[in-house]
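What follows draws every value from the coordinates through simple rules; no lab data is involved. Values in this document were obtained by computation on a predicted structure and should not be read as measured data. Every residue, glycine as well, gets a Cβ built from its backbone with ideal geometry; the counts of neighbours run over all protein chains shown.
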Ligand code: ADP
């Protein structure tokens, strides 16, 4: 048991003991009270008995005194008193004394106070006192008292001791005197009759009667003197002359005070319990303060004390056993009562809560019995059903619903009653309250034996929600239609705006070139310059506006493709080189950590680069512009730094907002729309990255772009047998475009650089030209009239013969994901930059025969990438996945150069080199060993001896390998040419 519970128990026991004691005390008190009442009743009874006896005795004596006083004998005797009369009187008194036995003296006393006749009685012996012994009693107080009384009155003295000659007569004779006056027939006072009553009889009777009472019974006179008291030696002291008095007043002053105030009653004190009664003079017709009627009978009983009652052993055992048991029982009952009332309160609170929920819920709630009669319904249900909840009670649903609704609901209710399961339905209902769509959950209502006795239904009114959903669906459809329309509009606009502009710019550029070549009038040249400038400016503006609205409409889709970042950067730099030169700027690129190939949207990335580099060139005069490339694990970072005019912090804050420029004078001084950076930032954000600027006025600016790039997983593709690669016409360029202006412009640009051009004005013609003429490269438009450029591309790529044909897209629209999928090598937006176009095309056409390169690597992805880079560098490339395949290809047609992986399955790089050295046709083929593994020193030495170039995949990027390969091929070519010339 825990200390806490122990403490609680001890406290409970203590309380129990205290309560038990208190109860004991109360019971003892009650018992004492009842004992007291019993003593009082017993003693009261005894005292009443004694008092009555005394009163009866006194009444008898009084009667005797009156009778004697009215006798003729008494009257005559007291008038003349002759001897005969004396005799008669003496006989009368003698007979009376004899009859009563307790009269000690009977006398006639004359009006002068002298005894006239007297008989004495002692021990029942009656003697007549001779006349010579009769005494004068005129001085006695009782004689005085009676002498004043009228006829019919009786004197009764207090009880006194018989005093003879001033001495108490021994043995003591308590005496009571009773006297009555005697009058003559004519009312003359003649004397009196006096009876002395022997008090001992009285007292003996008192003592006998008193035995019925509890304790001691005492008798005191009106003054409190002891007549029969607790100590016999102190009785009657008042009567002895000179003796010290003793009485209730001296011995029990407290009790005496009570007794004087009350005729009857009880007094409690240290002495005990005192019960007293005064002998009342009622009915005697006399009121004499100092008479026997002042006697008081006092009974003293020891007061029953609490202690004696409590420590009574029988009681104690009883209390000890029964009280705690009763208390425990009472406590248990009280506890049960408290718990019961707690449970009752909880049940009441719960049912109140349920009622509140039911009444105030916005859910319509109903309970129905098995016959479908509504037994409960809340206000919300009333609203739907079109009746107040009170009106619904006892009704079935068909009273408030259409036939069809009632049937549906009846069926759903029945399902719940039969299965005992909860169901939920969306219901279309028609009630008096209106038409609603409800979501209704039904549950079985059960009794205490789990029997289904009804069905409960809770309905949520979803009418407005359904309406809203329908409305939203319509609105969404409309919005989507509007968006589609906007997208279509944008596509049309870009086409419609760019196509004529393309012609304007292209033709005016052509005219300008001719004018310059023919040294035309400077005014014409100047005007043409303006037309070209304005056209280009307008084009940029249109492009920018279309771009920003396309981004806003969420129509920009990123096209991820594996891109050699450095090549992309180089191409951007070379595009802007002429502009930079025009402004006296030096353009350079720093590759801090070669990013290599990353999956990125090349077109968008290029757009951003061109914007940043273009701005740098535009806002810098005779300065330096540096493009810095860097890549850590998963971030590509590109920074463009210039030494131009720079910006203030406030200007930097504004420049990424559409149509904002650093300040108002910019347009005037440098042109521009203020859209470039806004577009760049949105594109970079679309790629998941950010763009930031640091700048200082007058010192230049640095724009940094950071883009997350993941590892690029190219779909692995079995290279299969290399395409027979029928040699294509080395420098022939095919231009496929349905727009004649566009065709003419492209042809003009290419032919000026001596490149032979054939054309196609439809998709079908383009395919036919490829197959019959075998061009080195194709410039392809997307909108071709009969079919799209994409279809042409798909058809080409499906044919192994032309799968590797380099295709440059030249469109007014933007490229999409198909660009990468269909192996487009470059994309140019019309109107194309003529110099850039020529530079690009020249990569794919060669004056002499194309170099024949074999790439051997078991890493599909790397092999493909390397091949792609080499093709763009103008090589004819074949591929092999291991050494054996490589040897097979080489034997079929010895290549000019082999790029060989070192570690491969089936046959590794070193084995291939060994086999080649032993082969007459292959011994002189150039080999570059491309490896990711560490090559041991002695192998390196051996390779050097065999003139094999060693390149580490980890250290050198693909484009760098391609460059080295190109250098090597050029060297071999020139050596061969030299040898030929010498030969
Ligand atoms: P545009 O160049 O067409 O005005 P941009 O959005 O490309 O629009 O550039 C917004 C503004 O940012 C420019 O007008 C110019 O004030 C400021 N800015 C951009 N790049 C540079 C830079 N390299 N040096 C100084 N200011 C620049």
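Under a crude label model (7 Å from the Cα following the beta-carbon direction), how far is residue 906 from residue 430 in nanometres?
In this crude label model, residue 906 to residue 430 measures out at 7.9 nm.
Is the chain rounded, prolate or oblate when judged by the Cα gyration tensor, a ≥ b ≥ c being the square roots of its eigenvalues, rounded requiring a/c under 1.5 and prolate requiring a/b larger than b/c?
prolate
Between residue 624 and residue 462, what is the FRET efficiency for a Förster distance of 60 Å, r being their Cβ-Cβ separation, to the nearest 0.05? Intermediate values should be presented prior to the final figure.
Numbers: r = 69 Å, r/R0 = 1.15.
After rounding, the FRET efficiency stands at 0.30.
Please find the FRET efficiency linking residue 172 to residue 111, where r is the Cβ-Cβ separation and R0 is fixed at 51 Å, and quote it to the nearest 0.05.
0.95
What's the center-to-center distance, using Cα atoms, between region 339-379 and region 487-537 in Å?
85 Å
Under the classification rounded if a/c is under 1.5, otherwise prolate if a/b is larger than b/c and oblate if not, where does region 1-146 fall, given a ≥ b ≥ c as square roots of the Cα gyration tensor eigenvalues?
prolate
Need the full-extension length gain, residue 558 to residue 527, defined as separation in residues times 0.36 nm minus the C-alpha distance. One decimal, nm.
Here the answer is 7.1 nm.
When the Kirkwood radius is taken over all Cα pairs of region 441-495, what Stokes-Einstein diffusion coefficient follows at 37 °C and 0.692 mPa s, in µm²/s?
Result for D is 209 µm²/s.
Give me the extension gain from residue 788 to residue 542: residue separation times 0.36 nm, minus the current Cα-Cα distance, reported in nm with one decimal.
On the way: separation 246, 0.36 × 246 = 88.56 nm, distance 2.41 nm.
Between residue 788 and residue 542, full extension yields 86.2 nm more.
In whole Å, how far is the Cα centre of region 737-782 from that of region 607-664?
37 Å
In degrees, nearest 10, range 0 to 90: what is the angle between the Cα axis of helix 83-100 and the longest Cα principal axis of the chain?
Around 30 degrees separate the two axes.
Taking the 0 to 90 degree range and rounding to the nearest ten, how far is the long axis of helix 958-982 tilted relative to the main principal axis of the chain, both from C-alpha atoms?
It works out to around 10 degrees.
Given the peptides 143-153, 346-356, 901-911, arrange them by the average over their residues of other C-beta atoms within 10 Å, most packed first.
Values: 143-153: 16.3, 346-356: 10.1, 901-911: 17.9.
Final packing ranking: 901-911, 143-153, 346-356.
Tally the DSSP beta bridges in region 562-647 and give the antiparallel ones as a percent, rounded to 5.
In region 562-647, DSSP labels about 65 percent of beta bridges as antiparallel.
Could you work out how much longer the chain between residue 632 and residue 244 gets when fully extended? Use 0.36 nm per residue separation minus the Cα distance between them, nm to one decimal. Before the final figure, lay out each step's value.
Numbers: separation 388, 0.36 × 388 = 139.68 nm, distance 13.70 nm.
That pair, residue 632 and residue 244, stretches by 126.0 nm at full extension.
If you average the alpha carbon positions of region 878-912 and of region 395-456, how far apart do those two centres end up, in angstrom?
With region 878-912 and region 395-456 each reduced to a Cα centre, they are spaced 81 Å.
Take each of the peptides 781-790, 391-400, 441-450, average the number of other beta-carbon atoms within 10 Å over its residues, and list them starting from the highest.
Ranking, from highest mean packing down: 781-790, 391-400, 441-450.
In terms of the Cα gyration tensor, with a ≥ b ≥ c the square roots of its eigenvalues, is region 343-457 rounded because a/c is under 1.5, prolate because a/b exceeds b/c, or oblate?
oblate
Could I get the Rg over Rh figure for region 774-815? Both from C-alpha atoms, Rh via Kirkwood, rounded to two places.
On the Cα set of region 774-815, Rg over Rh gives 0.96.
I'd like the FRET efficiency for residue 348 and residue 451, computed as 1/(1 + (r/R0)^6) with the beta carbon distance as r and R0 of 22 Å, rounded to 0.05.
Details: r = 26 Å, r/R0 = 1.18.
FRET efficiency, residue 348 to residue 451: 0.25.
Counting DSSP beta bridges in the chain, what percent are antiparallel, to the nearest 5?
If I count the DSSP bridges inside the chain, around 75 percent turn out antiparallel.
Would you mind checking the tilt of helix 763-773 against the longest principal axis of the Cα atoms of the chain, expressed as 0 to 90 degrees and rounded to 10?
50 degrees
Go through 37-44, 938-945 and give me the packing order, highest mean Cβ count within 10 Å leading.
Final packing ranking: 37-44, 938-945.
For a quick check: sort 251, 277 by the number of other beta carbons within 10 angstrom, fewest at the front. Walk me through the numbers before you get to the answer.
Working: 251 18, 277 22.
By the 10 Å Cβ count, ascending: 251, 277.
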